[in-house]
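Visitor: Quick one: this structure, given as structure tokens, is what I'll be asking you about.
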Amino acid sequence: MSSRLQRLAASMTAHCDCSLITDDINRRYLTGMKSSAGTVLCFPEQSYLLIDFRYVEKAKEVVRDAVVIEQENLYEQMAALFDKHNAKRIAVESGSLTLQRLAALQEKFPETEFITDNTLTDALYALRTVKTPEEIGKIKAAQKLAEDALTALLETLHAGMSEREIALFLDFHMRRQGAEDLSFETIALTGAHTSMPHGVPEDRTVQKGDFVLMDFGAVVDGYHSDMTRTVCVGEPTDEMRHVYETVLHAQEAALAAVKAGMSGQALDGIARSVIAEAGYGDAFGHSLGHGVGLEIHEYPVASPNAKRLLGAGHVVTVEPGIYLPGKFGVRIEDFVNITENGCENLTKFTKKLICL
């Protein structure tokens with residue numbers, strides 16, 4: 001199988017002589033090298049990683065599909081490679097290259113045409129969105145760390161714990177078990193705070209009868225996981241149970257329907273219609289889902305405006321919610337690997353309402 005850099009070069013041949021990549025995430029995806037700096041030049045014949053002294057030794061150990069060059073005078077080294085490969089048209093990332101950096105490139109290479117539209121960004125999107133079995137394996141490993149942390153938390157979660165304590169417990173457990181990083185700042189909310197989809201943990205403590213909503217994830221070898229569960233400490237009211245079951249039914253309907261070839265808009269609509277029919281349409285204000293991979297939010301998207309089609313190998317969250325301001329909120333989030341005829345649910349944790 002060709003490397004990621006070779007596949008990128010093949011997809012860009014008709015558009016440019018060279019692809020220039022500086023974004024940290026894209027650079028790691030293409031080369032396997034994690035660093036805060038570095039420049040990838042991808043020509044049809046050969047790719048190069050120019051990287052400074054801090055990282056060059058490690059890069060020579062891990063990078064297999066590009067020639068590693070220690071960066072000394074970047075623009076002179078780039079010029080030499082442009083000349084070597086007779087490159088006159090250079091594609092750059094539209095989403096991450098700053099105007100200042102672009103102006104510097106245009107000043108240093110006045111005879112070079114820089115392609116600044118979405119051509120390169122779209123090509124990278126197409127590659128990164130379809131996950132390989134190896135990538136899925138890393139995502140599963142990250143998800144297991146998150147689920148293990150939640151299992152441990154539920155053994156100790158009790159009235160009197162603060163939101164900050166809950167978040168810290170999850171964070172510490174994931175880190176201790178080997179997480180490279182947290183997917184994002186852990187959300188842990190209780191009581192009326194659960195009506196805020198992305199509320200920030202505070203000193204508020206869990207009271208008997210409260211919902212506790214937790215949204216969190218771990219990172220393994222660069223790949224993220226993402227899950228949300230809502231549990232109850234004590235006995236929920238009938239209204240709380242009804243809202244929980246409505247959210248669960250909405251998620252189950254979407255999970256049963258998702259498959260390659262449907263749009264993100266259609267997937268979102270399936271869950272949204274269940275919630276609307278139950279009378280809570282105005283209480284579900286965010287999108288149903290987003291892609292997960294080397295970034296916690298990436299393509300594809302499942303939202304009311306997402307017309308792009310979902311494809312096999314796409315990983316997307318399915319996270320409907322109902323939020324009643326001043327009362328409580330419920331969100332249940334799994335994420336799935338989409339297949340031609342359905343999906344593989346990467347989240348194994350129970351969705352039955354847990355009452356502690």
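The values are calculated or read from the model by the stated rules, or taken from the named source; none is laboratory data. Here the structure is a predicted model, which is why all the values come from computation and not from measurement. Counting neighbours? That spans all protein chains shown, and the Cβs are built from the backbone with ideal geometry, glycine included. Ligands, DNA and RNA are excluded from the accessible area calculation, which covers all protein heavy atoms including side chains. Shrake-Rupley method; radii C 1.70, N 1.55, O 1.52, S 1.80 Å.
Visitor: Among 81, 157, 120, which one shows the biggest mean-square fluctuation in a GNM of the chain, springs joining Cα atoms closer than 10 Å?
Guide: Sorting by GNM fluctuation, first place goes to 81.
Visitor: Placing unit charges on C-beta atoms (Lys and Arg positive, Asp and Glu negative, everything else neutral), compute the dipole magnitude of the range 313-356 about its Cα centre in debye, rounded to 20.
Guide: That gives a dipole near 340 debye.
Visitor: What residue among 224, 15, 173 has the largest mean-square fluctuation in a Gaussian network model of the chain, using Cα springs under 10 Å?
Guide: Maximum fluctuation in the GNM of the chain, among the listed residues, is at 15.
Visitor: As an exercise, use a Förster radius of 35 Å and the Cβ-Cβ distance of residue 180 and residue 14 to find the FRET efficiency, rounded to the nearest 0.05.
Guide: According to the calculation, E is roughly 0.40.
Visitor: Also, quick follow-up: Quick query: amide H of residue 114 versus all other amide H atoms, modeled in the peptide plane; which residues come in under 5 Å with a sequence gap of 5 or more or a different chain?
Guide: Under 5 Å from the amide H of residue 114 lie the amide H atoms of 90, each far enough along the sequence or on another chain.
Visitor: Enumerate the aspartates and glutamates that residue 144 could reach by cross-link, defined here as Cα to Cα under 13 Å, with residues fewer than 8 away along the same chain left out.
Guide: Within the straight-line cut-off, residue 144 pairs with 226, 334.
Visitor: Could you run the Karplus curve 6.51 cos²θ - 1.76 cosθ + 1.60 with θ = phi - 60° over the range 15-32 and give me ³J(HN,Hα) per residue in whole Hz, x for Gly and Pro?
Guide: For the range 15-32, the Karplus-derived couplings read 10, 7, 9, 7, 10, 10, 10, 10, 4, 4, 5, 4, 5, 5, 4, 7, 10, x Hz, x marking Gly and Pro.
Visitor: Can you give the extra length, in nm with one decimal, that the chain gains between residue 341 and residue 73 once fully stretched, where that is 0.36 nm per residue apart less the Cα-Cα distance?
Guide: My answer for the length gained is 91.3 nm.
Visitor: Next question. Can you list the residues, at least 5 places off or on another chain, whose amide H is less than 5 Å from the amide H of residue 223, using H built in the peptide plane?
Guide: Residues meeting the criterion, in which the H sits 1.01 Å from N, do not exist here.
Visitor: Next up: If I histogram all Cα-Cα distances within the range 274-356 using bins 10 Å wide from 0, what percent of pairs lands in each bin?
Guide: Once binned at 10 Å, the Cα pair distances of the range 274-356 give 16, 42, 34, 8, 0.
Visitor: Hey, another quick one. Which three extents, in whole angstrom, do the alpha-carbon atoms of the range 222-349 cover along their principal axes, largest first?
Guide: The Cα atoms of the range 222-349 stretch 41, 31, 23 Å along the principal axes, largest first.
Visitor: With springs connecting C-alpha atoms under 10 Å apart, model the chain as a Gaussian network and identify which of 133, 44, 110 has the largest mean-square fluctuation.
Guide: Ranking 133, 44, 110 by mean-square fluctuation puts 110 first.
Visitor: While we're looking at this one, here's another question. Note down the magnitude of the dipole of the chain about its Cα centre, charges +1 on Lys and Arg C-beta and -1 on Asp and Glu C-beta and zero elsewhere, to the nearest 20 debye.
Guide: Here the size comes out at about 480 debye.
Visitor: When the Cα atoms of the chain are enclosed in a convex hull and the volume is divided per residue, what value in Å³ results?
Guide: On the way: hull volume 51.5 nm³, N = 356.
Measuring per residue, one finds 145 Å³ for the Cα hull of the chain.
Visitor: Relative contact order of the chain: what whole-number percent is it, with Cα pairs under 8 angstrom and at least 6 residues apart?
Guide: 14
Visitor: Another one. Against the empirical 2.2 N^0.38 Å scaling, what ratio does the C-alpha Rg of the range 93-155 come to?
Guide: Normalised Cα radius of gyration, the range 93-155: 1.91.
Visitor: How much accessible area per residue does the range 212-315 have, counting only protein heavy atoms and a probe of 1.4 Å, in square angstrom? Mind showing how you got there, number by number?
Guide: On the way: 3710 Å² over 104 residues.
Heavy-atom accessible area per residue stands at 36 Å².
Visitor: Right, something else. Given 0.36 nm per residue, what is the gain on full extension from residue 108 to residue 96 after removing their alpha carbon distance, in nm? Walk me through the intermediate numbers first.
Guide: Values: separation 12, 0.36 × 12 = 4.32 nm, distance 1.94 nm.
Roughly 2.4 nm would be gained on extension.
Visitor: With respect to the cross-link table entries 259/352; 131/327; 88/307; 138/208, which display a Cα-Cα separation exceeding 29 Å?
Guide: 131/327; 88/307; 138/208
Visitor: Follow-up question, since we're still on this one. Quick one: work out Rg over Rh on the C-alpha atoms of the range 1-152, Rh as Kirkwood radius.
Guide: 1.02
Visitor: For the range 1-80, just run the numbers: alpha carbon Rg, then divide by 2.2 N^0.38 Å, N being how many residues it has.
Guide: This ratio for the range 1-80 stands at 1.02.
Visitor: Short version: ³J(HN,Hα) in whole Hz for each residue of the range 81-93, in order, from phi by Karplus 6.51 cos²θ - 1.76 cosθ + 1.60 (θ = phi - 60°), x for Gly and Pro, what are they?
Guide: So the J values, rounded to whole Hz, are 6, 4, 5, 4, 9, 6, 8, 10, 10, 10, 8, 10, 6.
Visitor: Turning to a different aspect of this structure: Could you go through the range 108-124 in sequence order and give the Karplus-derived ³J(HN,Hα) for each residue, using 6.51 cos²θ - 1.76 cosθ + 1.60 with θ = phi - 60°, rounded to whole Hz, and x for Gly and Pro?
Guide: 6, 10, x, 8, 9, 8, 9, 8, 10, 7, 8, 4, 5, 4, 5, 5, 5
Visitor: For the range 67-178, report the translational diffusion coefficient in µm²/s to the nearest whole number, using Stokes-Einstein at 37 °C, 0.692 mPa s, and a Kirkwood Rh over Cα pairs.
Guide: Values: Rh = 18.8 Å.
My calculation gives 174 µm²/s for D.
Visitor: Please compute the length gained on full extension between residue 88 and residue 305, using 0.36 nm multiplied by the number of residues separating them and subtracting their Cα-Cα distance.
Guide: Separation in residues times 0.36 nm, less the Cα-Cα distance, equals 74.3 nm.
Visitor: Choose one of 139, 280, 38: the residue whose Cα lies farthest towards the positive end of the charge dipole of the chain (beta-carbon charges +1 Lys, Arg; -1 Asp, Glu; about the Cα centre).
Guide: The Cα lying farthest towards the positive end belongs to 139.
Visitor: Å³ per residue of the Cα convex hull, for the range 164-214?
Guide: 70
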